[in-house]
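Undergrad: The structure is given below, and queries will be raised subsequently.
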Amino acid sequence: MPQSEMQVPISSNNFVDAEAVIVAKDVQKWYDNGFHVLKGVSMNVYKGEVVVIMGPSGSGKSTFIRTFNALEPYQEGSIEIDGVRIANDLKDIEAVRREVGMVFQQFNLFPHLTVLQNVTLAPIWVRRWPKAKAEEIAMRLLDRVGIAEQAYKFPGQMSGGQQQRVAIARSLAMQPKVMLFDEPTSALDPEMVREVLDVMRNLAKDGMTMVCVTHEVGFAKEVADRVVLMDGGVLVEENTPEEFFNNPREERSQAFLSQIL
Amino acid sequence: MTTVSSRPIERGAPRVQSIGPVAWSRKHLFNSWFNSILTIVLGLTLGAALFNLLSWAFIQANWSVVADNFGNFMSGLYPPESYWRIWSVLGIIMGLSGLTWGLLARNQPQLFSRNVLIGLGAIALFFILWPLTRPHTPYLIGVLVLLAVAAAAGQAIGRKAPGSTKWILAAWLVSYFVDLYLLGGGPFFGRGTLSPSLFYSIIVMLGGGIVAGWQLSQRISIPQIPTWISKIVLFLVGFIVVYQVLWRLPYALGLDVGLKNVSTNSWGGLTLTLLLAISGIALCFPAGVLLALGRRSKLPIVQAFSVAYIELIRGVPLISILFMGQVLIPLFLPEGVRPDRVVRAIIGLTIFSAAYLAENVRAGLQAVPLGQSEAAQSLGLNKPLTTALIVLPQALKTAIPAIVGQFISLFQDTTLLGIVGLVELLGISQNLLASPTYLGDYKEGYVFIAAIYWVFCYAMSYGSRRIESALNTDLR
Ligand SMILES: Nc1ncnc2c1ncn2[C@@H]1O[C@H](COP(=O)(O)OP(=O)(O)O)[C@@H](O)[C@H]1O
Ligand SMILES: [Mg+2]
């Protein structure tokens, strides 16, 4: 895979005029056991933007991005994806999920299907593409993430890094408007982190709108348009990467950075 | 490539050494004085038992009960002049098995592995050498040959047209009804009688009627009345006319053909056992899967029904369900509608096994990580697709051993039907052994049927292990 050039980070201001893909307003969520996990979180993500969410473990990052594709319901506030409001009684929830790709920490590939079948499943069954078209596009995507020659293997026969790249291709096959990444490299052995980050970097370069929960500082500095710190169910700080890593505004950000840097 | 070993002395030595039998037994059987004594004592006991068994089987035993009644054991009181119908059923089943095998092995370089070939050869040799099967040896060998030929044909078809694989399930389904008709017989163009003419009545008469009605309602319209009424009227007219014609035509033409009716009272022996087991398995599997899904459903009524059904049935012994099936089912139905007792037995077995199967499938469903359905849903798959394509296949795969275990239980449970008057394999043996001719030949009769049960159960568990390893996609 070609190593991407160092990108000049763009300030988030560049995007204000672009259309917002995600508009989250004052989102509140309680888990069934009464735990108040999101305490009024607001965030906009604009087209083509890469937002990195950081924060200590248990601060609600996963919960927050999982509300974007309705894997977690929320109780108050509102979330709009590309103009469609996600409500708990939304009839066609699948229509929203089609537009939002998600990559999980544990890959969650389908172990009983080959790599190619993993990637073509949703296009064939949800988009109703003919098999030949789905497979052609899948092979192009697998080529893009560098695994085309392993298309007929099963996930259990691949390394973690390869599996995560397949998972990215699987999400991309639905041609989503925005991609969510929930700590995509946390379950990987160190030597495989880079191959996955390279894929994500290229994706960002191609203009994909991305929300990434990750603690990869190098990736955030290089690719992110905006870094957000989440702690205790609220957004503590929103900043450009160089400001966030060099002179963070908030005390809690400083404390967090001193732990991970 | 160099390997760094923590124990350099062992470097280069193969991990598994092939050692002679003497060295092997010294290492495993005589490695301490206690183990040596244990080995000798157990060896002598087993040897004595085996010697006694063999000397009984070959010298003392009087196998005439089996030899004289081989047909009885295989098919009960089925009229011998109609045995060819049972052979045809066996032929159909073996032919389809061969085809299925060949289709599944279409990408395999060789059709039969060495072990399978040896197994088939051993079975053929057994049929040739064993005196009891002698009158039927040509047929038995013929059936085996049919299996092999069909397998080769299946492989050839599968290679030419891979799409044909999906028809095999439909073929099995149709063959079931053909087999039932072959066993039961009766006038083929029957007037509403159930089992034998079921095929003709349902498929041909209903199907023809519906097609005709549909075509008529599509082609023409009656002027001056609303189209939907005209469509319904025309459909009914077309349906009734064609249905009646198809019903009366055979008689008008004098086509009162059909196999001689063999009432289920004369069905018996291994044939009946297999019919009960196969029908029960084929019905309880989908029922069990639906109940397992129902138990996890978010709809309260569906969930409550599934839980109530499963817990109720699991709290009742099978024998009471079988009695209830024989006595109670007719009470609930209108006068005159009296399902055949074989049908009632199959319903009873199905009702019972479905509850246990549901629990096996549920365990499999619970073993599928939540992340799997989350990933499927995040791709935009709805709930039914997620269940059908992602969760259920993985759940069934983990549940295969338990499911096949349940099938094996069902197969063995058919023996209980002797108590409600069906003369399946065990029932036949009891009837025969009760006759004065074979006084004292219990051992021979029961050893013989035990061997038959064992062969089928072992085949099922062997098959399950083969399927399991074929479906294992991890680190192949
Ligand atoms: N299903 C649940 N029920 C109750 N509490 C939960 C549930 N899932 C997560 N939590 C709690 O919510 C908090 C936030 O979780 P999460 O969003 O996974 O945090 P993060 O991704 O930032 O580590 C944690 O304290 C966690 O224990
Ligand atoms: Mg998390």
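Undergrad: Filter region A:223-241 down to residues that are more than 16 Å from ligand 2 (Cβ to nearest atom) and touching a helix residue (DSSP H, G or I) at 6+ places or on another chain (Cβ under 7 Å), then give me how many there are.
TA: 9
Undergrad: Further question on the same structure: Scan region B:300-340 residue by residue and report those that are of a type in the set (G, A, S) and within 24 Å of the chain's Cα centre (by Cα). Quick ask: steps written out before the conclusion?
TA: The initial filter retains those residues of region B:300-340 that are of a type in the set (G, A, S), namely B:304, B:306, B:308, B:315, B:320, B:325, B:336.
Matches in region B:300-340: B:S320, B:G325.
Undergrad: Okay, next question. In region A:34-55, what count of residues is obtained for those that are more than 9 Å from ligand 1 (Cβ to nearest atom) and either open to solvent by 20 Å² or more (accessible area, probe 1.4 Å) or within 17 Å of the chain's Cα centre (by Cα) (or both)?
TA: We begin by selecting, within region A:34-55, every residue more than 9 Å from ligand 1 (Cβ to nearest atom); these are A:36, A:39-52, A:54.
This time we only want the ones that are either open to solvent by 20 Å² or more (accessible area, probe 1.4 Å) or within 17 Å of the chain's Cα centre (by Cα) (or both), so: A:36, A:39-40, A:42-52, A:54.
Total meeting the criteria: 15.
Undergrad: With region A:73-164 as the region, which helices (runs of 4 or more DSSP H) entirely inside it contain at least 2 residues that are open to solvent by less than 20 Å² (accessible area, probe 1.4 Å) and away from chain B (no Cβ under 13 Å)?
TA: Values: elements: A:93-99, A:115-125, A:131-144.
Ranges flagged: A:131-144.
Undergrad: Looking at region A:180-209, which of the residues that are among the aliphatic types (A, V, I, L, M) and out of contact with any helix residue (DSSP H, G or I) (no Cβ under 6 Å at 6 or more places or on another chain) is farthest from A:I137 (Cα to Cα)?
TA: Residues of region A:180-209 that are among the aliphatic types (A, V, I, L, M), as a first pass: A:180, A:187-188, A:192-193, A:196-197, A:199-200, A:203-204, A:208.
Now narrow it down to the ones that are out of contact with any helix residue (DSSP H, G or I) (no Cβ under 6 Å at 6 or more places or on another chain): A:187, A:193, A:200, A:203, A:208.
Working: A:A187: 28, A:V193: 26, A:M200: 19, A:L203: 16, A:M208: 17 Å.
Filtering first and then ranking leaves A:A187.
Undergrad: Report the residue count in region B:362-392 for those that are within 11 Å of chain A (Cβ to nearest Cβ) and under 23 Å from B:L299 (Cβ atoms).
TA: Keep residues of region B:362-392 that are within 11 Å of chain A (Cβ to nearest Cβ), which gives B:368-386, B:388-392.
Next, from what is left, pick out any that are under 23 Å from B:L299 (Cβ atoms): B:368, B:370, B:372-374, B:376-377, B:380-386, B:388-392.
Total meeting the criteria: 19.
Undergrad: Considering each residue of region A:18-66, count those that are under 21 Å from A:E76 (Cβ atoms), assigned to a strand (DSSP E or B) and within 16 Å of ligand 2 (Cβ to nearest atom), and give that number.
TA: 5
Undergrad: Separate question: Can you run down the residue pairs with Cβ atoms below 8 Å, 6 or more apart or on separate chains, where the first is in region A:191-215 and within 14 Å of chain B (Cβ to nearest Cβ) and the partner is within 16 Å of ligand 1 (Cβ to nearest atom) and in a strand (DSSP E or B)?
TA: Filtered contacts from region A:191-215: A:V211/A:V51; A:V211/A:I53; A:V211/A:L180; A:V211/A:F181.
Undergrad: What residue, among those in region A:56-71 that are more than 6 Å from ligand 1 (Cβ to nearest atom) and open to solvent by 30 Å² or more (accessible area, probe 1.4 Å), is farthest from the chain's Cα centre (by Cα)?
TA: Going through region A:56-71, the residues more than 6 Å from ligand 1 (Cβ to nearest atom) turn out to be A:56, A:64-71.
With open to solvent by 30 Å² or more (accessible area, probe 1.4 Å) added as a condition, the list becomes A:56, A:66.
Working: A:P56: 18, A:R66: 10 Å.
Applying the filter and picking the extreme gives A:P56.
Undergrad: Check every one of the helices (runs of 4 or more DSSP H) wholly within region B:365-476 and list those with 3 or more residues that are open to solvent by 30 Å² or more (accessible area, probe 1.4 Å) and basic (K, R). Give the derivation first.
TA: On the way: elements: B:370-378, B:392-413, B:425-434, B:442-471.
Fully inside region B:365-476 and qualifying: B:442-471.
Undergrad: Test A:V178 against the criterion of being open to solvent by less than 10 Å² (accessible area, probe 1.4 Å) and either among the β-branched types (V, I, T) or touching a Gly at 6+ places or on another chain (Cβ under 6 Å) (or both), and give yes or no.
TA: Judged against the criteria, A:V178 is a match.
The values are calculated or read from the model by the stated rules, or taken from the named source; none is laboratory data. The structure presented is a predicted model; accordingly, all values stated were derived computationally and were not measured. Don't worry about glycine lacking a Cβ; one is built from the backbone with ideal geometry, like all the others, and counts go over all protein chains shown. Accessible surface areas use protein heavy atoms only, side chains included; no ligands, DNA or RNA. Shrake-Rupley method; radii C 1.70, N 1.55, O 1.52, S 1.80 Å.
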